There are 2 protein chains.
Amino acid sequence: MDEFMEAALAEARKGYAEGGIPIGSVLVHQGKIIGRGHNRRVQEGSVILHGEMSALENAGRQLASVYRECTIYTTLSPCSMCSGTILLYGIPRVVIGENKTFMGEEAWLRSKGVAVEVVDSAACHQLMQEFIQRKPDLWNEDIGV
Amino acid sequence: MDEFMEAALAEARKGYAEGGIPIGSVLVHQGKIIGRGHNRRVQEGSVILHGEMSALENAGRQLASVYRECTIYTTLSPCSMCSGTILLYGIPRVVIGENKTFMGEEAWLRSKGVAVEVVDSAACHQLMQEFIQRKPDLWNEDIGV
C-alpha cells in the first residue's frame, strides 16, 4: 500500500478508536498531504463530514488551480455527496481503498473525466466489515439507509 | 413567495450581512423547518458549508425515514456537492429560488426521481447578482472556478 493510502487508513483507524465510522481520507497536492480527515458523524454529530469531506475541509480554502492538481485518497468508494464534491472542485484523480463494502458513484466520476483507481485493499475492507458487524445501524445511517 | 423560500432567503441575507456568500436553505419536514443555514465559506473558512449543507448539518442526525419526507428549499440551484447530498439522504423534493445565476445538477436529481421545482424568484436572483458584481473572485471560488 502506498504512503497516501496508508495515511488515509491511519485516519480511518483513528476514527474507529474514537468510536466513529472508520473511513479516512487524505488530499494530496504535488506529493504532499494538504488535508487529512475521517468520518465525524459520531464525534461531532455531523451528517456531512464523511472522510473525504473532512479531508477537504481540513485542507481549508484552496485555489481552483490547486484542486486541479490534487489526488484524493479514500479508504472507501465515495458516495454521491463526496463524489459531487470531488466534481465541484475539479479534483482529477481519486484513489479508493475498496468498493466491496459500498460502491459509490465511481461510474459518474469516470463519466466526468475523473481518473478512478481502486486499490482493493484487504486492510480497508476488513476494518469496514468489523465495524459493520458491530454497528450496522450506524453504518446504515451514514449511507442514508 | 411561500414561507419556506422566504426563510431560505432570510438565511441568504443573513449570510450577506456577515460578509459571506448570500445563499440560504431550509430543510422542511411535515410543514416544519427542522434545519436552516447559509453558506459559511467566509465566516468559517469552510469549503463544504454551502447553504444546503449548512441547513442539513444544522438539522442534525435524522432518521432515513425523516429525510424521505423532507423538502429542501434553496435560494440557488444546487451544485454537484449539494445535489449528491440530497441523493445520499433520499430527500424527495427540492424547491429552488433561481437557476439563472448558476445551473446546478437539476437534471441529475430529476433522473434519480427527485421532484425539482424552480420558483424563479427575482429577489433571489437580484441578491446573487449584486453579490457577484461586488465579489466575483469569491463567487468563483465557491463554485470551483
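Brief remarks follow.
- Check on A:SER65, crowded, with 19+ Cβ neighbours inside 10 Å, at pLDDT 95 or above and of a type outside the set (A, V, I, L, M): no
- As a summary of the residue check, B:GLU117 satisfies the conditions (1) over 24 Å from B:TYR16 (Cα atoms); (2) within 8 Å of chain A (Cβ to nearest Cβ) except for the one numbered (2).
- Scanning region A:81-99 turns up no residue that is without any contact (Cβ under 8 Å) to a residue 60 or more places away in the chain, part of a helix (DSSP H, G or I) and surrounded by fewer than 16 Cβ atoms within 10 Å (Cβ to Cβ).
- Meets criteria (touching a residue at least 12 places away in the same chain (Cβ under 8 Å), in a loop (DSSP other than H, G, I, E, B) and over 15 Å from B:LEU88 (Cβ atoms)) for A:GLN43: no
- For region B:10-18, the condition holds for at least one residue, the condition being that it is touching a Lys or Arg at 6+ places or on another chain (Cβ under 6 Å), away from every other protein chain (no Cβ under 12 Å) and in a helix (DSSP H, G or I).
Conditions tested, residue by residue: (1) within 14 Å of chain B (Cβ to nearest Cβ); (2) β-branched (Val, Ile, Thr).
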{"position": "A:ALA59", "(1), (2)": "yes, no"}
{"position": "A:LEU63", "(1), (2)": "yes, no"}
{"position": "A:THR101", "(1), (2)": "no, yes"}
{"position": "A:GLU106", "(1), (2)": "yes, no"}
{"position": "A:ARG110", "(1), (2)": "no, no"}
{"position": "A:GLU130", "(1), (2)": "no, no"}
{"position": "A:ASP137", "(1), (2)": "yes, no"}
{"position": "A:GLY144", "(1), (2)": "yes, no"}
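- Pairs meeting the criteria (first residue in region A:9-22 and over 14 Å from A:HIS125 (Cα atoms), second residue at pLDDT 95 or above and in a loop (DSSP other than H, G, I, E, B), beta carbons under 8 Å, at least 6 apart or on different chains) are A:GLY15/A:ILE21; A:GLY15/A:PRO22; A:GLY15/A:ILE23; A:GLY15/A:ASN39; A:GLY15/A:ARG40; A:GLY20/A:ASN39; A:GLY20/A:ARG40.
Residue-by-condition table, conditions (1) closer than 21 Å to A:GLN43 by Cβ; (2) within 12 Å of chain A (Cβ to nearest Cβ); (3) surrounded by fewer than 20 Cβ atoms within 10 Å (Cβ to Cβ); (4) hydrophobic (A, V, I, L, M, F, W, C):
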| position | (1), (2), (3), (4) |
| --- | --- |
| B:VAL28 | no, no, no, yes |
| B:LYS32 | no, no, yes, no |
| B:GLY37 | yes, yes, no, no |
| B:VAL47 | yes, yes, no, yes |
| B:THR71 | no, no, yes, no |
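- Any hit, region A:114-122, residues being assigned to a helix (DSSP H, G or I) and at pLDDT 95 or above: yes
- Among the numbered conditions (1) under 20 Å from A:ALA10 (Cβ atoms); (2) in a helix (DSSP H, G or I), the only one that A:GLU141 does not meet is (1).
- Against the list (1) more than 27 Å from B:LYS112 (Cα to Cα); (2) of a type in the set (Lys, Arg); (3) within 13 Å of another protein chain (Cβ to nearest Cβ), the condition A:ARG41 fails is (1).
- From the options B:GLU130, B:GLU57, residue that is surrounded by fewer than 18 Cβ atoms within 10 Å (Cβ to Cβ) and acidic (Asp, Glu): B:GLU130
The values are calculated or read from the model by the stated rules, or taken from the named source; none is laboratory data. Note that the coordinates shown come from a computational prediction; the quantities given were computed from them, not determined experimentally. Here the Cβ is made from the backbone with ideal geometry for all residues, glycine too, and neighbour counts use every protein chain on show.
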